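S.K.: Pasting in a structure now, in structure tokens, and then I'll have a few things to ask.
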Amino acid sequence: MSYQALHGETVPFRGHNDYQSEAYLARPLTPGRVPGVVVIHHMPGWDEWITEVARKFAHHGYAAMAPNLFVRHGPGDPDDVAARARPAGGAYDAEVMGDVAACMAHLRALPNANGKIGVIGFCSGGRHTYLAACTLPGIDAAVDCWGGRVIVDDPKEFSPQRAVAPIQFTSQLACPLLGIFGNDDKNPSPDQVNRTEQELQRHGKNYAFHRYDGAGHSFFDYGRPAFRPEQAADAWQKVFAFFNKYLIAAAAEQSAAA
Amino acid sequence: MCSYIVEKAALSGSAKGRGWMKIDTAHVYYDHPFHAPLDHALGIDFINAANGGRERVAIEISAESARELVRAILSALESGEQEHTAAQAASPTIAVAG
């Protein structure tokens, strides 16, 4: 095996409205230029699992930055902060989009950045990813992992924090999109996934959806009964093949052509 | 799924985590837990909202456990209140001469 090294640490950055925020940044220490990936956490918050995901990307040759989207709910252990964010309704879409855009800029400014940026999110972070891919400029590839409420069927699910259904912005999607879903999931349901796909087709977007039988919500999460090792292993392979194509191979082709 | 649905209960009492603290509110929800190895858990955060709610005493338990806990709470209240009511009735009263 070739030499491996990575570095992971909490870094400060200026987020939405110049808010003093924080993120976990994991990056390879091996030579060469690398793409950046913004990793958007799920409702349980900026937890250990999301830092592990960031390190997984670093292991595979990406600089991965996972912002603490609940930072505005004060200091403390991530679970305590998430416990304060929950009754407050979570993070506002505008805050999340601003923080993600700031992370993208941070990743682009790394000395060994190759200029390509991906975004991936899980659960509520999957919804944020879909919204970012449709509304933020400069994303080269996006991965929505079981993002719920991309389609909102019940108006009661709207809130001041999540006042829009990201599906309405599909015509603006400006990057390739990968979707990972479990067919036993209820949010998003298979029907909602199908309707999202129809909307992507209607607008002629570059996308690929992978649906897994025998898997439900959060089937990557090895700490829960929902974990499905075979489906998760296959889906991770698809994630890395997708990012490799659009973030690594595409950058190499552009460098060769220059 | 990630929900933000939280039931709030007004309380009067204390809870002990790192140390004792006064509590006035319970946030109750059923969603992904942080620590318990469950897909969904009933979570209760006991906080002192009047004091900013920064500290909490928390539990994450299975739905079945939550229902058992509710049953045990109601049972303990019923039997305990009966005991204390009976004890009060049996205790000698002091007659005060007029």
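S.K.: Could you tell me which numbered condition A:Gln198 fails, if it satisfies all but one of (1) assigned to a helix (DSSP H, G or I); (2) open to solvent by 50 Å² or more (accessible area, probe 1.4 Å); (3) within 30 Å of B:His35 (Cα to Cα)?
M.R.: For A:Gln198, the failing item is (3).
S.K.: With respect to A:Val193, is the statement that it is of a type in the set (Val, Ile, Thr), crowded, with 16+ Cβ neighbours inside 10 Å and under 18 Å from A:Gly90 (Cβ atoms) true?
M.R.: no
S.K.: Could you list, in sequence order, the residues of region A:47-104 that are among the aliphatic types (A, V, I, L, M), at the interface with chain B (Cβ under 9 Å from one of its Cβ atoms) and buried (at least 20 other Cβ atoms within 10 Å of the Cβ)?
M.R.: Matches in region A:47-104: A:Ala82, A:Ala83, A:Ala85.
S.K.: With respect to A:Pro31, determine if the residue is out of contact with any Lys or Arg (no Cβ under 7 Å at 6 or more places or on another chain) and surrounded by fewer than 24 Cβ atoms within 10 Å (Cβ to Cβ).
M.R.: For A:Pro31, the condition - out of contact with any Lys or Arg (no Cβ under 7 Å at 6 or more places or on another chain) and surrounded by fewer than 24 Cβ atoms within 10 Å (Cβ to Cβ) - is met.
The rows are residues; the columns are (1) assigned to a strand (DSSP E or B); (2) surrounded by 10 or more Cβ atoms within 10 Å (Cβ to Cβ).
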site	(1), (2)
B:Pro37	no, yes
B:Gly53	no, yes
B:Ile59	yes, yes
B:Ala66	no, yes
B:Arg71	no, yes
B:Ala76	no, yes
B:Gly80	no, yes
B:Glu83	no, yes
B:Gln88	no, no
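S.K.: So, in region B:10-22, how many residues would count as being surrounded by 12 or more Cβ atoms within 10 Å (Cβ to Cβ) and under 10 Å from the mean Cα position of the chain (by Cα)?
M.R.: Going through region B:10-22 one residue at a time, the tally reaches 3.
S.K.: Given the conditions (1) open to solvent by 70 Å² or more (accessible area, probe 1.4 Å); (2) more than 14 Å from chain B (Cβ to nearest Cβ); (3) under 19 Å from the mean Cα position of the chain (by Cα); (4) free of Cβ contacts under 8 Å to residues at least 40 places away in the same chain, report the number of the one that A:Ala174 does not fulfil.
M.R.: (4) is the only condition that A:Ala174 fails.
The values are calculated or read from the model by the stated rules, or taken from the named source; none is laboratory data. Everything numeric here is computed off the predicted structure, so don't read it as measured data. Counting neighbours? That spans all protein chains shown, and the Cβs are built from the backbone with ideal geometry, glycine included. Just so you know, the surface numbers come from the protein's heavy atoms only, side chains and all, with ligands and any DNA or RNA stripped out. Shrake-Rupley method; radii C 1.70, N 1.55, O 1.52, S 1.80 Å.
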